[in-house]
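Scroll down for the structure; my scribbles are underneath it.
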Amino acid sequence: MKKSDEIIISSLANIFQLQEAYGCVFGTYDKDKACLWLTEEVGELIRAIRRNHDLDDITGELGDILVWIFSLMNTLEIDGRTLVEKSILKELDRQRVKYGADKVNS
């Protein structure tokens with residue numbers, strides 16, 4: 001693992017303490033209900049962007065999406081930190097194969 005990978009991965013710990021906090025405050029939902037709410041929030045975000053709403057509205061919709069992603073991860077018992085770690089490392093590997101280096105550092 002490259003040093004840049006380690007820095008990225010170590011920075012995720014604080015972010016995904018939020019997942020645990022969400023679980024303590026809101027608990028879990030039925031997975032179908034969580035999926036429906038997440039889909040609705042994504043639609044609201046897209047609508048806000050297309051209608052040129054202000055940044056506060058768009059930020060609010062992104063926050064709602066994040067909350068429902070946490071809900072779904074908690075409901076399905078998925079560790080968010082592990083999920084994002086795997087996703088980031090997969091993308092870094094893809095970039096290194098395609099570009100010969102991390103895209104953001106090229």
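Bear in mind these aren't lab numbers, they're just calculated from the coordinates by the rules spelled out. The structure displayed is predicted, hence computed values, not measured ones. Because the Cβ atoms are built from the backbone with ideal geometry, glycine has one as well, and the counts that use them run over all protein chains shown.
Since only 99, 21, 55 are under comparison, the one whose Cα sits farthest along the positive direction of the charge dipole of the chain, derived from C-beta charges on Lys, Arg, Asp and Glu, is 99. Modelled this way, with points 7 Å down the Cα-to-C-beta line, the labels at residue 33 and residue 18 are 2.3 nm from one another. Net length available on complete extension from residue 52 to residue 66 is 3.0 nm, with 0.36 nm assigned per residue and the Cα-Cα distance removed. Estimated translational diffusion coefficient (Stokes-Einstein, Kirkwood radius over Cα pairs, 4 °C, 1.567 mPa s) of the chain: 83 µm² per second.
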